[in-house]
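Q: Here it is, the structure, as structure tokens.
The values are calculated or read from the model by the stated rules, or taken from the named source; none is laboratory data. All values reported here derive from a predicted model rather than from experimental measurement. Cβ coordinates were reconstructed from backbone atoms using ideal geometry, including for glycine residues, and neighbour counts include every protein chain displayed.
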Amino acid sequence: MRLDPQVKERLKKTFASELLAQKELVKVISAYSLSQDEMHKIVSQFPKYASAQVENKIDPTVIGGFVIQSGSQVIDLSIRNALHLLKKQLYESN
Amino acid sequence: MKAIDQYLEQIEREIKNSKLDYKTDEVGIVQEIRDGVALAAGLDKAGYGEVVEFESGVKGYIIDMMEDSVGIIVLGDYLTIKSGEQVKALKYTLSVPVSEKMVGRIVDPLGQPLDGGEPLPADAWNPVEKVAPSVVYRKPVNVPLQTGIKSIDALFPIGRGQRELIIGDRGTGKSTIALDTIINQKGQDVICIYCGIGQKNSKIALVSELLRKQGALDYTIIVSASSSDPAALQYLAPYTASAIAEFFMAKGKDVLVIYDDLSKHAWAYRQVSLILRRPAGREAYPGDIFYLHSRLLERACRVEDSQGGGSITALPVIETLEGDVSAYIPTNVISITDGQIFLETDLFNAGIRPAINIGISVSRVGGNAQTKAMKQVAGRLKLDLAQYREMAAFSQFESDLDEDTKKLLNRGAKVTQLMKQDKNKPYRLGE
């Protein structure tokens, strides 16, 4: 798809400003929706994010556990990641 | 069955001892894929030169950082990458596995074997980009590296730790000089590295076959990024060769590295830079093309005993077009190196092989590294030959010459014949 360069530039800017806003936001991604209480419990384990605004996002591919995302930083404590690491280890140690 | 039991035991043990530990990853999202280069948003805290991993397991290397995105050169198949997928920073700068076992092998710029042999275990991981040793760790160049080519050893001696450029048009015997030098290192306790950049795979096969036949493969490593490899790998190849050389240098070995050739390396880097939309300068090369080669060749050195006491001698090769040494890349590399050996098509066709132009070839530091005996023999040779060439051109129009000129011409013609040498037949110092 061809975009008008001006439109593209403005889209980029909006995208960037939105990203900036999202940086403040901490996302907890889990396979099932979490209650406010559960979320609070999870986030309180990470002092860095204790005072941040928290949002829950549902992604079934996580399988279990949760992923905390804040800006470009990710703490991956999901089953998906664990399986991923296991796969990698199995391949590497042949 | 026993193996499985052991595995299970190990897993049980690990589960028992595991505690919930977490680490923070730095991630980004792929926005664009261009030829061999990916642009990704995010990766806010990743550094220049850091290795990243795509979802498919392909690795990349951050080479450009813009306001809100990074440019990554992809080390492998970039066609499997899709825009929108996640990239993860691996928190280390690009390194290659190095080991003693690499000697005699052909490897790619990531240190993986290309010769179909056994996988190479890593003794250590050396960073591909490394700052060259500083002044305090260096020793002057005063040990000779015999090339086995009469005219070079006599007129433009090369010392261990020197950088001597081999420059000339296509088909003037540049690679031949480099390969003869490798062949002549037999029994000299020198590790040789031949780094092919953008060469035909058939040529690499030819080189390895020649070295094997001459028994030179026992102390030689071939690093190859052929012309069918992505530009990113061709760009990395000489740095990898340097990283391998540094491994042996740290062990006190003398290493000879041949970069064949840096013109193609510059092309590869130009391609990557243009894809990254960096401003183009002269001949469309990016602004940092000089630094590209200077930082590479600066890594050639002879270090003090406290640093291992080894050396890296670099013989970069540059291909000129129509003998034009004033083009951008040739002038750059000439000014970086400690001298150049200039090969000419006319001489080559006149049967003077190696076709070295004695007038404009120099070795700026090698004189200190020449053996005494050689100095005595070769002392006046260069001047005599240069005078002869001048006089020969001049005397073509003059029929009657005085006795002195005739003598000079006679002697010059004889010495020129003496300097002729067949390829792949290097001479020892004694011969």
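Q: For the stretch A:24-94, list the strands (runs of 3 or more DSSP E) that sit wholly inside it and hold at least 1 residues that are within 13 Å of chain B (Cβ to nearest Cβ) and without any contact (Cβ under 8 Å) to a residue 12 or more places away in the chain; which are they? Show your work before the answer.
A: Working: elements: A:25-30, A:53-58, A:65-70, A:73-78.
The qualifying strands (runs of 3 or more DSSP E) are A:73-78.
Q: Next up: Give the number of residues within the stretch B:9-68 that are closer than 22 Å to B:Pro230 by Cβ and of a type in the set (Asp, Glu).
A: Going residue by residue through the stretch B:9-68, those that are closer than 22 Å to B:Pro230 by Cβ are B:28, B:30-40, B:43, B:46, B:48-66.
Keeping just the survivors that are of a type in the set (Asp, Glu) gives B:32, B:35, B:50, B:53, B:55, B:64.
Residues that pass the stated criteria total 6.
Q: On to the next question. Any chance the stretch B:128-145 includes a residue that's of a type outside the set (Asp, Glu), surrounded by 23 or more Cβ atoms within 10 Å (Cβ to Cβ), assigned by TED's automatic domain parsing to the domain that holds B:Ser335 and not in a loop (DSSP other than H, G, I, E, B)?
A: No, the stretch B:128-145 contains no residue that is of a type outside the set (Asp, Glu), surrounded by 23 or more Cβ atoms within 10 Å (Cβ to Cβ), assigned by TED's automatic domain parsing to the domain that holds B:Ser335 and not in a loop (DSSP other than H, G, I, E, B).
Q: Scan (1) over 21 Å from the mean Cα position of the chain (by Cα); (2) farther than 30 Å from B:Gly252 by Cβ; (3) free of Cβ contacts under 8 Å to residues at least 24 places away in the same chain for the single condition B:Lys382 breaks and write down its number.
A: (3)
Q: Please enumerate the residues belonging to the stretch B:351-374 that are touching a Gly at 6+ places or on another chain (Cβ under 8 Å) and either surrounded by fewer than 18 Cβ atoms within 10 Å (Cβ to Cβ) or closer than 30 Å to B:Asp324 by Cβ (or both).
A: The answer is B:Arg353, B:Pro354, B:Ala355, B:Ser361, B:Val362, B:Ser363, B:Arg364, B:Val365, B:Gly366, B:Asn368.
Q: Taking A:Arg10 as the residue in question, decide whether it is in a helix (DSSP H, G or I), of a type outside the set (A, V, I, L, M, F, W, C) and away from chain B (no Cβ under 14 Å).
A: Numbers: in a helix (DSSP H, G or I): yes; of a type outside the set (A, V, I, L, M, F, W, C): yes; away from chain B (no Cβ under 14 Å): yes.
Answer is yes for this residue.
Q: Can you find a residue that is under 15 Å from the mean Cα position of the chain (by Cα) and either under 23 Å from B:Tyr137 (Cβ atoms) or in contact (Cβ under 8 Å) with a residue 40 or more places away in the chain (or both) anywhere in the stretch B:271-289?
A: To start, the set of residues in the stretch B:271-289 that are under 15 Å from the mean Cα position of the chain (by Cα) comprises none.
Checked against the condition, which is being under 15 Å from the mean Cα position of the chain (by Cα) and either under 23 Å from B:Tyr137 (Cβ atoms) or in contact (Cβ under 8 Å) with a residue 40 or more places away in the chain (or both), the stretch B:271-289 yields no hits at all.
Q: Among (1) of a type outside the set (A, V, I, L, M); (2) away from chain A (no Cβ under 14 Å); (3) in contact (Cβ under 8 Å) with a residue 60 or more places away in the chain, there is one condition B:Asn17 misses while meeting the rest; what is its number?
A: Result: B:Asn17 fails condition (3) only.
Q: With loosely packed, with under 13 Cβ neighbours inside 10 Å, in contact with a Pro (Cβ under 9 Å, 6 or more places away or on another chain) and at negative phi as the only criterion, which of B:Asp324, B:Asp346 stands out?
A: Details: B:Asp346 fails: in contact with a Pro (Cβ under 9 Å, 6 or more places away or on another chain).
So the residue among B:Asp324, B:Asp346 that is loosely packed, with under 13 Cβ neighbours inside 10 Å, in contact with a Pro (Cβ under 9 Å, 6 or more places away or on another chain) and at negative phi is B:Asp324.
Q: Counting only residues that are assigned to a loop (DSSP other than H, G, I, E, B) and buried (at least 17 other Cβ atoms within 10 Å of the Cβ), how many does the stretch B:312-321 have?
A: Kept after step one, since they are assigned to a loop (DSSP other than H, G, I, E, B), are these residues of the stretch B:312-321: B:320-321.
Now narrow it down to the ones that are buried (at least 17 other Cβ atoms within 10 Å of the Cβ): B:320.
Count: 1.
Q: What tally of residues in the stretch B:327-343 results from selecting those that are assigned to a loop (DSSP other than H, G, I, E, B) and surrounded by 19 or more Cβ atoms within 10 Å (Cβ to Cβ)?
A: So in the stretch B:327-343, the residues assigned to a loop (DSSP other than H, G, I, E, B) come out as B:327, B:337-338.
Remaining after also requiring surrounded by 19 or more Cβ atoms within 10 Å (Cβ to Cβ): B:337-338.
Of the residues in the stretch B:327-343, 2 are assigned to a loop (DSSP other than H, G, I, E, B) and surrounded by 19 or more Cβ atoms within 10 Å (Cβ to Cβ).
Q: Looking at the stretch B:265-288 only, could you name the residues that are at pLDDT 95 or above, surrounded by fewer than 22 Cβ atoms within 10 Å (Cβ to Cβ) and closer than 11 Å to B:Ile329 by Cα?
A: Selection gives B:Trp267, B:Tyr285.
Q: Test B:Glu12 against the stated conditions and say whether it is surrounded by fewer than 17 Cβ atoms within 10 Å (Cβ to Cβ) and within 13 Å of chain A (Cβ to nearest Cβ). Explain how you work it out, then say what you get.
A: Numbers: surrounded by fewer than 17 Cβ atoms within 10 Å (Cβ to Cβ): yes; within 13 Å of chain A (Cβ to nearest Cβ): no.
Here the answer is no, as B:Glu12 does not meet what is asked.
Q: If we keep just the residues of the stretch A:8-29 that are among the small types (Gly, Ala, Ser) and loosely packed, with under 11 Cβ neighbours inside 10 Å, which is nearest to A:Ser51 (Cα to Cα)?
A: First, pick out the residues of the stretch A:8-29 that are among the small types (Gly, Ala, Ser): A:16-17, A:21.
Checking the rest, the ones that are also loosely packed, with under 11 Cβ neighbours inside 10 Å come to A:17, A:21.
Details: A:Ser17: 22, A:Ala21: 16 Å.
Per the criteria, the residue is A:Ala21.
Q: Name the one entry in B:Val96, B:Val87, B:Val27 that is in contact (Cβ under 8 Å) with a residue 60 or more places away in the chain, part of a strand (DSSP E or B) and in contact with a helix residue (DSSP H, G or I) (Cβ under 7 Å, 6 or more places away or on another chain).
A: Values: B:Val87 fails: in contact with a helix residue (DSSP H, G or I) (Cβ under 7 Å, 6 or more places away or on another chain); B:Val27 fails: in contact with a helix residue (DSSP H, G or I) (Cβ under 7 Å, 6 or more places away or on another chain).
Within the list B:Val96, B:Val87, B:Val27, the selection yields B:Val96.
Q: Report yes if A:Ser70 is surrounded by 11 or more Cβ atoms within 10 Å (Cβ to Cβ), at pLDDT 90 or above and under 17 Å from the mean Cα position of the chain (by Cα), otherwise no.
A: On the way: surrounded by 11 or more Cβ atoms within 10 Å (Cβ to Cβ): yes; at pLDDT 90 or above: no; under 17 Å from the mean Cα position of the chain (by Cα): yes.
Taking the combined requirement at face value, the residue does not satisfy it.
Q: So, of the residues in the stretch B:30-66 that are out of contact with any helix residue (DSSP H, G or I) (no Cβ under 9 Å at 6 or more places or on another chain) and facing chain A (nearest Cβ under 9 Å), which turns out to be farthest from B:Val272 (Cα to Cα)?
A: Checking each candidate, the answer is B:Lys45.
Q: Tell me yes or no: at least one residue of the stretch B:386-395 is within 30 Å of B:Gln185 (Cα to Cα) and either modelled with pLDDT under 80 or not assigned by TED's automatic domain parsing to the domain that holds B:Thr176 (or both). Break it down stepwise before answering.
A: Quick first cut of the stretch B:386-395, residues within 30 Å of B:Gln185 (Cα to Cα) only: B:386.
Still in the list and also either modelled with pLDDT under 80 or not assigned by TED's automatic domain parsing to the domain that holds B:Thr176 (or both): B:386.
Among the residues of the stretch B:386-395, at least one is within 30 Å of B:Gln185 (Cα to Cα) and either modelled with pLDDT under 80 or not assigned by TED's automatic domain parsing to the domain that holds B:Thr176 (or both), which makes the answer yes.
Q: So, in the stretch B:382-430, exactly how many residues are of a type in the set (Phe, Trp, Tyr) and out of contact with any Lys or Arg (no Cβ under 9 Å at 6 or more places or on another chain)?
A: 2
Q: Just a yes or no: is a residue in the stretch B:80-88 more than 12 Å from every other protein chain (Cβ to nearest Cβ) and more than 26 Å from A:Glu9 (Cα to Cα)? Let's see the steps before the verdict.
A: Quick first cut of the stretch B:80-88, residues more than 12 Å from every other protein chain (Cβ to nearest Cβ) only: B:80-85.
Then keep just the ones that are more than 26 Å from A:Glu9 (Cα to Cα); that gives B:80.
Yes: the stretch B:80-88 contains one or more residues that are more than 12 Å from every other protein chain (Cβ to nearest Cβ) and more than 26 Å from A:Glu9 (Cα to Cα).
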